[in-house]
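**Student:** Handing you this structure, nothing more for now.
The values are calculated or read from the model by the stated rules, or taken from the named source; none is laboratory data. Bear in mind that the values here come from a model prediction, so they are computed numbers and not experimental data. Reconstructed Cβ throughout: ideal geometry from the backbone, glycine too, with neighbour counts over all protein chains shown.
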Amino acid sequence: MPGYVAAVRIGDRSEIHAGGRRALEPESPPMTADTLFRIASITKPMGAALTLSLMQDGVLALDDPIDRWLPEAAKARVLVRRDAPLDQTIDLARPVTIRHLLTMTSGWGVVLEDTPLQRAMIEGGVFPSAMPTPMSGDDFWRTVAGLPLAFQPGDGFLYETGMNVLGVLLTRATGTSLSQLFADRITGPLGMTDTAFHAVDVDRMAAAYMPGPDGLTLMDPPDGAFARPPVFEELSGGLVSTAADV
């Protein structure tokens, strides 16, 4: 591990400590309290908070069927079993709702087993990756909507994909980008000036690594994929932030 930033908050008191460097190279800048990180799945609860704020204002409701904004969802098919061929499907037993997306029980999500559905997700470019998805939100949804659900809505749990579907829904329900919704409702009011869907200051960005059998492998350099606004603002894991903001 090249470095760290740790934050602890008790009541109104916060302590932030940093050590090491932002990359493995010995000449790389030191970690500091304001170093930027890709916060990955911490984006999900922040997306849930954003959704609840829209519910509070009456824009949408927890049990609204999502086909109000994503009409293709009304035609979704469900696999007869998770490992079935993609053409072995049955009708929806109930509509997919916003509640299903928030609780990751919609039937869309990460299929870890080698199944026809997993292979179709990989081929279609919608299987989760640590790097930004290189397609628009509408194209992402169009691809996901063309695949069957792994189970009936509410009858199982699959991580990840439903949050990105929710992100597309929120932009359609409001006519506003996720960046602007966060700025208006979450990051702006809370003073989270370092939180966005890309690095607000590339000079403060840490490198990202993946562990492997031979140690750490560079996945994304500080000036890499998260240094610029993405094509698709992913509610499943697209935010960049600091320990202080989070």
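**Student:** Would you call Thr43 in a loop (DSSP other than H, G, I, E, B) and at pLDDT 95 or above?
**Tutor:** No: the conditions fail for Thr43.
**Student:** So is Arg13 touching a strand residue (DSSP E or B) at 6+ places or on another chain (Cβ under 7 Å) and of a type outside the set (Val, Ile, Thr) or not?
**Tutor:** no
**Student:** Could you list, ordered by first residue, the pairs with Cβ atoms under 8 Å in which the first is in the stretch 97-116 and at pLDDT below 95 and the second is among the small types (Gly, Ala, Ser) and buried (at least 21 other Cβ atoms within 10 Å of the Cβ), at least 6 apart or interchain?
**Tutor:** Going by the 8 Å Cβ cut-off, the qualifying pairs are Val111/Ala150.
**Student:** Go through (1) surrounded by 19 or more Cβ atoms within 10 Å (Cβ to Cβ); (2) assigned by TED's automatic domain parsing to the domain that holds Ala76; (3) of a type in the set (Ser, Thr, Tyr); (4) closer than 30 Å to Gly3 by Cα one by one and return the number of the condition Thr161 breaks.
**Tutor:** Going through (1) surrounded by 19 or more Cβ atoms within 10 Å (Cβ to Cβ); (2) assigned by TED's automatic domain parsing to the domain that holds Ala76; (3) of a type in the set (Ser, Thr, Tyr); (4) closer than 30 Å to Gly3 by Cα one by one, Thr161 breaks only (4).
**Student:** For the stretch 59-74, indicate whether the set of residues that are modelled with pLDDT of 95 or more and closer than 21 Å to Ala40 by Cα is non-empty.
**Tutor:** no
**Student:** Of the numbered conditions (1) in contact (Cβ under 8 Å) with a residue 24 or more places away in the chain; (2) more than 16 Å from the chain's Cα centre (by Cα); (3) surrounded by fewer than 21 Cβ atoms within 10 Å (Cβ to Cβ), Gly215 fails exactly one; give the number of that condition.
**Tutor:** Every condition holds for Gly215 apart from (1).
**Student:** Give just the number: which of (1) of a type outside the set (S, T, N, Q); (2) assigned to a helix (DSSP H, G or I); (3) closer than 16 Å to Ala40 by Cβ does Leu166 not satisfy?
**Tutor:** All conditions pass for Leu166, except number (3).
**Student:** Within the stretch 170-191, is even one residue part of a strand (DSSP E or B), over 17 Å from the mean Cα position of the chain (by Cα) and surrounded by 16 or more Cβ atoms within 10 Å (Cβ to Cβ)?
**Tutor:** no
**Student:** If you go through the stretch 75-82 one residue at a time, do you hit one that is closer than 28 Å to Gln118 by Cα, free of Cβ contacts under 8 Å to residues at least 60 places away in the same chain and assigned to a loop (DSSP other than H, G, I, E, B)?
**Tutor:** Yes: the stretch 75-82 contains one or more residues that are closer than 28 Å to Gln118 by Cα, free of Cβ contacts under 8 Å to residues at least 60 places away in the same chain and assigned to a loop (DSSP other than H, G, I, E, B).
**Student:** Need at least 3 residues that are closer than 21 Å to Asp64 by Cα per element, so show me which helices (runs of 4 or more DSSP H) inside the stretch 97-160 make the cut, counting only ones lying wholly within it.
**Tutor:** Helices (runs of 4 or more DSSP H) meeting the threshold: 98-102, 137-145.
**Student:** Quick one: Leu149 ticks every box in (1) assigned by TED's automatic domain parsing to the domain that holds Pro128; (2) touching a Pro at 6+ places or on another chain (Cβ under 8 Å); (3) not polar (S, T, N, Q) except a single one, so which number is it?
**Tutor:** With (1) assigned by TED's automatic domain parsing to the domain that holds Pro128; (2) touching a Pro at 6+ places or on another chain (Cβ under 8 Å); (3) not polar (S, T, N, Q) applied to Leu149, the lone miss is (2).
**Student:** Can Thr133 be described as among the hydroxyl-bearing types (Ser, Thr, Tyr) and in the same structural domain as Ala120 (by TED's automatic domain parsing)?
**Tutor:** yes
**Student:** Hey, can you tell me all the residues within the stretch 15-52 that are loosely packed, with under 15 Cβ neighbours inside 10 Å and more than 16 Å from Val240 (Cα to Cα)?
**Tutor:** Hits for the stretch 15-52 are Glu15, His17, Gly19, Glu25, Pro26, Glu27, Pro30, Ala49, Leu52.
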